[in-house]
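Below: one structure, written as structure tokens.
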Amino acid sequence: MQTEEMRLDGNAAAGTLREVFARDVTAALARCSGCGATGPIGALLDYGHAMGVVLRCPSCDTAVLRIARTPGWIRVDAAGMAFLMIPENLTVT
């Protein structure tokens, strides 16, 4: 099978994306792209304000995750995160 035959658009991943994002990610492990520290999202330092949230690494103060609310959108910037590991057995109830 050729690569072109296996290629679909992002809508084909809708089920997986729903499964990944419908979880309590505070227990998920994130690695800081600034210093390499790995720990649960819930251990990051929360600098929240009316427009959104900035979660910073407690070791080096890198902005690991930024979430902003704008009219009609939720914007997520995870540039400070090298990876995110979400436990499969934790779901939102």
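The values are calculated or read from the model by the stated rules, or taken from the named source; none is laboratory data. As the structure is a computational prediction, the values presented were derived from the model and not from experiment. Note: ideal-geometry Cβ built from the backbone for every residue, glycine included; neighbour counts use all protein chains shown. For the accessible areas, the whole protein counts, side chains as well, though only heavy atoms, and no ligand, DNA or RNA atoms are used. Shrake-Rupley method; radii C 1.70, N 1.55, O 1.52, S 1.80 Å.
In this simple spin-label model, placing a label point 7 Å from the Cα along the Cα-to-Cβ direction at both SER59 and GLU5 gives a separation of 4.6 nm. The residues PHE83, PHE21, sorted by heavy-atom accessible surface at 1.4 Å with ligands and nucleic acids left out, run PHE21, PHE83 from largest to smallest. For the chain, the solvent-accessible area works out to 74 Å² per residue, with a probe of 1.4 Å and every protein chain left in place.
Taking the Cα centre of segment 36-93 as origin and assigning +1 to Lys and Arg Cβ atoms and -1 to Asp and Glu Cβ atoms, the resulting dipole is close to 180 debye. In this simple spin-label model, placing a label point 7 Å from the Cα along the Cα-to-Cβ direction at both THR16 and VAL76 gives a separation of 1.5 nm.
Got a number for carbon plus sulfur as a percent of segment 1-82's accessible area, 1.4 Å probe?
Working: 3280 of 5820 Å².
Heavy-atom surface of segment 1-82 belonging to carbon and sulfur, 1.4 Å probe: 56 percent.
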